[in-house]
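Just so it is clear, none of the values below were taken in a lab; they were calculated from the coordinates. Predicted model only: the values in this text are computed from it and were never measured. Glycine also receives a Cβ, built like all others from the backbone with ideal geometry; neighbour counts cover every protein chain displayed.
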Amino acid sequence: MSIASPRIQNILDSLPTRPGVYLMKNDRGEVIYVGKAVNLRSRVRSYFQPSTLAQKHSKTARMVEQVADIDIIVVDSELEALLTEINLIKAHKPHYNIRLKDDKRYPYIKVHWADPYPKVTVTRRMVNDGSRYFGPYTNVSAVYQTLDVLRKAFPYLTCDRNIDGNDERACLYYDIKLCNAPCIGAVSQEEYRATIQSLMDFLQGKSDEIVERLQARMWQAAEQMDYEKAARLRDQIQAMQQVTQRQKVVSSANTDQDVIAFARENGDAAVQIFFIRNGRIVGKEHYVLEGTGADEDEAGVMADFLKQFYDKAAEVPPEVLLPHEIEEAEIIEHWLRSKRGNKVVLKVPRRGMKRQLVQLAAENAVETLALLRAQWEADTLKQETALQEIQNALGLERPPARIECFDISNTQGTAISASRVVFVNGVPRKSEYRKFNIRTVQGHADDYASMKEALDRRFRRWQDAQNEPDLPGKKPDPTWSILPDLLIVDGGKGQLGVAVEVLESYGLTGRVPVVGLAKQHEELFVPGRSRSIMLPRRSQGLYLLQRIRDEAHRFAITHQRQRRVRMGVASQLDSIPGIGPTRRRALLKHFGSLDAIREASVEQIAAVPGISRELAETIKAEL
């Protein structure tokens, strides 16, 4: 017997028995859970049985109590349902789904293999452009340290030169043996690409055969009395050995595997992965999961992690070792096989070295989670201390849980921008950062007038949010509807005066504490007080205020630079006869950048809606 509301019961009664994905929404229309099913009718109806809601403290029961609507997407196969589920979880980040913690992109080592002379860079975005990617890694500094060492063994390009082998002289990196200078023809294209191939082989764990090959070349050079070449090869071998010393040989079978295990405690979960390539542990990474309640079964946690991790992973090995069986093993194997282009097996080893590796990964996961929890607790204590110190220094009624900080950025009155950053309980809430293009100040720098406009727009939106009627399914945007516990403006008494004036105009004097933070001496200015307040130099409160102010400055100047670049592109296009705002937008939307328009043919430009052949020829000639 179902205990759903009449609206939900109508949806349940009309569900098909086909495979698909379901999205559960709350009364504000927010997606709170995404799931997939082989049989939508059977799976979704199971949530609304009395036995589910009888578990009042379970995560599932709490979720079901919030469900006000259900959307479904019917697909043709379970594999298609899996792919749709992965994409929808990425898009909506539902509260009740298990998710990789931190909405950030992890770094990869990128080898630009499609280029004639491939560069090696670090990136946070994988693009299907023919490049080879290695990762993801969680520690970007460790990635750079590894590349710094490997560059001594495999000198590679980092410059943007057009390589033809005819340059008159090489750069400094050639002199310090960090580039083998194909730009001057010191090595051929084939030799350079062979070096980069060896680098990729090394990153895949094939270090022994590369070292043996270099040692043979070193002894051959020594026998031919080419001691300079022999010394260079010796240095390359030593650089590789410096990296391989950190790699543990675990198999003589030269196997490629990922070993995965996880640990949980009080709703927190950490996953540990060992990357084994050619029988050698070439790296290990840990990832933190959110949404792992105590009632979440381990098989479900592991399945959800596999789907999210391998959706972004640069490489899928032929074998993935797990601590226990998972329900969706067959369909996940099918999906991984389609990504790899070859057979992939999810295996739960029962004995031997493989079982020992899974146990070692589990032990690492337990230690990692313990260290992370200790770090989180220490950070929480620091944040609480910082907020208490700010409260005491400013005489606030309570610690400022929500702090908003505004900053202005301009270059000689051009592209004036303002930023607002939000910190909640001492932690940045980037989803509520906002940018303001200043409209009332043009052609000259007036930071006071710019600040006034930004603050006026912020609190006008707060006022509008208070006056908006509560409509069904419509939720006021908390970005504007919640007042800050502390408002910070970057600057001294002048900017503080502007902020006070704006707050008075909205009747918020006394309701929103405000402070001006002057950078030169890190002074705090408050209304009605002639002398500034200075927090102790090494206090947590001062560190937090500096971090908030620096974040607002970074955010403002980044946006202002982006605007200047866009304005520069726009001005170049606008100077072409026949190009106005509509055609300019169409061109930039189609090509993405001014450089791409320059490189396009007349035919490609003429293919843009609204661009005639004659105008395309004019654009090509002008650019």
Report task. If a/c stays under 1.5 just call it rounded; otherwise compare a/b with b/c (prolate if a/b is bigger, oblate if not). Do that for the stretch 338-447, with a ≥ b ≥ c from the square roots of the Cα gyration tensor eigenvalues. Result -> oblate
Query raised in the report: Based on DSSP, what percent of beta bridges with both residues in the chain are antiparallel, to the nearest 5?
Result: 80 percent
Query raised in the report: For the residue pair HIS92 and ARG460, what label-to-label distance in nm results when each label sits 7 Å from Cα along the Cα-to-beta-carbon direction?
Result: 3.5 nm
Query raised in the report: If we sort 86-96, 262-272 on the protection proxy, mean other Cβ atoms within 10 Å, highest first, what's the order?
Result: 262-272, 86-96
Query raised in the report: When PHE275, PHE406, PHE48 are ordered from fewest to most other Cβ atoms inside 10 Å of their Cβ, what list results?
Result: PHE48, PHE275, PHE406
Query raised in the report: What number, in percent, do you get for the relative contact order of the chain if the mean sequence gap of Cα pairs under 8 Å and at least 6 apart is divided by its residue count?
Result: 8 percent
Query raised in the report: Under unit Cβ charges (Lys, Arg +1; Asp, Glu -1), what dipole magnitude, rounded to 20 debye, does the chain have relative to its Cα centre?
Result: 480 debye
Report task. Please say if the stretch 267-306 is rounded, prolate or oblate, where rounded means a/c under 1.5 for a ≥ b ≥ c the square roots of the C-alpha gyration tensor eigenvalues, and otherwise the choice is prolate for a/b larger than b/c and oblate otherwise? Result -> prolate
Report summary line: Extend 7 Å from the Cα of GLU298 along its Cα-to-C-beta direction; within the stretch 322-337, residues with backbone N under 13 Å of that point are 322-326
Requested in this report: For the chain, divide the Cα radius of gyration by the Kirkwood radius and give the resulting Rg/Rh value with two decimals.
Outcome: 1.00
Query raised in the report: Where in the chain are the helices, taken as whole DSSP H runs, whose Cα atoms extend 27 angstrom or more along the long axis and whose Kyte-Doolittle mean reaches at least -0.5?
Result: 352-394
Report task. List, in order, the whole-Hz ³J(HN,Hα) value for each residue of the stretch 15-29 obtained from phi through the Karplus relation with A = 6.51, B = -1.76, C = 1.60 and θ = phi - 60°; use x for Gly and Pro. Result -> 5, x, 9, 8, x, x, 10, 10, 10, 8, 10, 8, 6, 9, x
Requested in this report: Before anything else, pin down the relative contact order of the stretch 479-535: Cα pairs under 8 Å, at least 6 apart, normalised by residue count, whole percent.
Outcome: 34 percent
Report summary line: In whole angstrom, the spacing between the Cα centers of the stretch 578-614 and the stretch 383-407 equals 51 Å
Report summary line: Between ASN342 and GLN197, the two model label points (7 Å from Cα along the beta-carbon direction) sit apart by a distance in nm of 1.7 nm
Report summary line: When VAL259, VAL515, VAL288, VAL122 are ranked with the fewest other C-beta atoms within 10 Å first, the list becomes VAL122, VAL288, VAL515, VAL259
Query raised in the report: Sequence-distant or interchain residues sharing an amide H contact under 5 Å with ILE32, placed H: which?
Result: MET24, LYS25, ASN26
**Report entry** Alpha-carbon centroids, the stretch 262-315 and the stretch 71-142: separation in whole Å
**Finding:** 15 Å
Report summary line: Computed D for the stretch 153-241, Stokes-Einstein, Kirkwood radius over alpha-carbon pairs, 10 °C, 1.306 mPa s, to the nearest µm² per second, is 114 µm²/s
Requested in this report: List, in order, the whole-Hz ³J(HN,Hα) value for each residue of the stretch 257-270 obtained from phi through the Karplus relation with A = 6.51, B = -1.76, C = 1.60 and θ = phi - 60°; use x for Gly and Pro.
Outcome: 8, 10, 10, 10, 8, 8, 10, 10, 7, 6, x, 9, 9, 10
**Report entry** Relative packing of 72-79, 194-201, 124-131, 505-512, which averages over residues the other C-beta atoms within 10 Å, highest first
**Finding:** 194-201, 72-79, 505-512, 124-131
Query raised in the report: Out of residues 5 or more away from GLU523 or on other chains, whose amide H comes under 5 Å of its own, with H placed 1.01 Å from N in the peptide plane?
Result: ALA518
Report task. Determine the calculated [θ] at 222 nm for the chain from helices alone, applying -39500 (n - 2.57) to every DSSP H run no shorter than 4 residues and normalising by the residue count; nearest 500 deg cm²/dmol. Result -> -14500 deg cm²/dmol
Query raised in the report: So, in nm, how far is label ASN39 from label ILE176 when the simple model puts each one 7 Å beyond its Cα toward the Cβ?
Result: 6.7 nm
